[in-house]
Amino acid sequence: MTSTAAGVVIVGGGQAGFTVASTLRVSGYDAPVTVLAAEPHPPYQRPPLSKKAHTDPHDLRVELVPESFYRDRDIDLRLGDETIALDLAAHTALTRTGTTVFYDHLVLATGARNRPLPVPGAELPGVHALRSLDEALAIGRALTTARDVVVVGGGFIGLELARVAHARGARVTVVELADRLLGRAVSAELEPWLRQRHERAGVRILTGTAVRALEGAGRVEQVVTDHEVLPADLVVYGIGAVPRDELAGRAGLAVRDGVLVDERLRSVTDPRVFAVGDCARCPHPQADGPVRLESVQNAVDQGALVARRIAGSADTAGPYRNLPWFWSDQGDVKLQIAGLRSNGDEVRVVPRDTAERLAAYAFRDDLLVAVETLNWPAEHLAARRMLERGTPVSAADLAETTLGALARAGRTAEVRR
Ligand SMILES: Cc1cc2nc3c(=O)[nH]c(=O)nc-3n(C[C@H](O)[C@H](O)[C@H](O)COP(=O)(O)OP(=O)(O)OC[C@H]3O[C@@H](n4cnc5c(N)ncnc54)[C@H](O)[C@@H]3O)c2cc1C
């Protein structure tokens, strides 16, 4: 079955795929725009899925736009039909239902999937991972009766869910293999503060602890770790994500833990193909090598840039260099990150007042490169503004003051690049 679409074909109907499609139309692109989406739901936001318990799909307002949006803009949104093969020579995408779609430009926006939990019993009923709307609904339903919840993985999603489960009245234990929470994402200097907040709220946290097996007769009943056995009627795991790059790899595009793209987000193998969002690995001026970022900001900014480039907007000739930023709401903690920190950076943590707002400032060669804040949105916004503008800020500049105060004093007028 052949459907002659041509124009732009986007594989993946998530945050990045949606942004490409909508920005193409905003940018005046008037050839066909087709979104090939594996999930049965129109594009939706994932962040709310881990920030509260969901039981009724009708209560969930996570769709990015109403379905009429696609009709009104002549965007051909094809749901529930996974793309299974690409033919780079023929410029076609083949879907599971047997439809072949031609493209002038192909955009891969296939996102990431959860890393599977590699222990016996991970397939038992009562064990869940969280990425999709359907998984969030299943966890929400399980939380209505669960008394003992074990969260495997002390990353963003795990900690958010731990606080959600605790707020629903469950006893919650977080089991983390590394010797601290949020190992990859947050500085070692900030982590003890965060951990303390969660423990004080009543969440038990076991770091340096490996899960060996999940056990139960017919459904999960306990989690066996290398230190103790934990009762569990619900287990949720979040131990990282892997990019969905296998479609690209099978087609002959270069992949390395993500689809390899250049600084203009074009495949390094085929100039007609772009990749954006969680599935793309691209150079970034703040990183040593090509990076793959998993955030809404990255999906939206990359999607918009590619769409404007395809539509021919003159303002997008430059490389992708948008400042990375991120947020995570974990019960009474709002964690926000601006910029990219790397291991060698020098980090200073500054508590500010009794409301327990605090910030960790990371410096490279004595210049501010990243800021992590807890419950301090104003400082996060000031950080974003300064880092985006390239305002030089040294550790001495921040010895007695905040970024917000520096910005108010007019420091943002000094532009580094
Ligand atoms: C529970 C959760 C909470 C999060 N919270 C935050 C947060 O607080 N802040 C933040 O910045 N980020 C957060 N994120 C990350 C953020 O949601 C992602 O970075 C963002 O959704 C990436 O967008 P994407 O379009 O690249 O991928 P996705 O949104 O994952 O979309 C990819 C889509 O492509 C589809 N697909 C894959 N392969 C194919 C194929 N072969 N054919 C057709 N379709 C295909 C998938 O089914 C999926 O629907 C969260 C993520 C999760 C899972």
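Brief remarks on what is shown
- Restricting the stretch 294-330 to residues that are charged (D, E, K, R) and within 8 Å of the ligand (Cβ to nearest atom), the residue that is nearest to Arg266 (Cα to Cα): Glu294
- Selection of the stretch 84-105 for residues being within 12 Å of the ligand (Cβ to nearest atom) and closer than 23 Å to Arg281 by Cα yields Ile84, Ala85, Leu86, Ala93.
- Residue that is nearest to the chain's Cα centre (by Cα) [pool: residues in the stretch 139-159 that are farther than 12 Å from Tyr237 by Cα and either buried (at least 17 other Cβ atoms within 10 Å of the Cβ) or not assigned by TED's automatic domain parsing to the domain that holds Pro231 (or both)]: Gly140
- Within the stretch 228-258, the residues that satisfy the criterion of being within 22 Å of Ile139 (Cβ to Cβ), in a strand (DSSP E or B) and more than 20 Å from the chain's Cα centre (by Cα) are Leu230, Pro231, Leu234, Val235.
- Some residue of the stretch 278-293 being surrounded by 18 or more Cβ atoms within 10 Å (Cβ to Cβ), farther than 28 Å from Asp87 by Cβ and within 13 Å of the ligand (Cβ to nearest atom): yes
- Criterion: near the ligand (Cβ under 9 Å from one of its atoms) and in the same structural domain as Ala304 (by TED's automatic domain parsing) - qualifying residue of Asp81, Asp72, Asp76: Asp81
- Considering Ala38, Ala16, the condition of being within 8 Å of the ligand (Cβ to nearest atom), part of a loop (DSSP other than H, G, I, E, B) and under 19 Å from the mean Cα position of the chain (by Cα) is satisfied by Ala38 alone.
- Residue in the stretch 323-331 that is part of a helix (DSSP H, G or I) and surrounded by 20 or more Cβ atoms within 10 Å (Cβ to Cβ) present: no
- A single member of Thr34, Thr95 is over 30 Å from His166 (Cα atoms), free of Cβ contacts under 8 Å to residues at least 60 places away in the same chain, in the same structural domain as Asp301 (by TED's automatic domain parsing) and touching an Asp or Glu at 6+ places or on another chain (Cβ under 7 Å), and it is Thr95.
The values are calculated or read from the model by the stated rules, or taken from the named source; none is laboratory data. It should be emphasised that the depicted structure is a prediction, and the values quoted were computed from it without experimental measurement. Cβ: placed from backbone, ideal geometry, glycine included. Neighbour counts: every protein chain shown.
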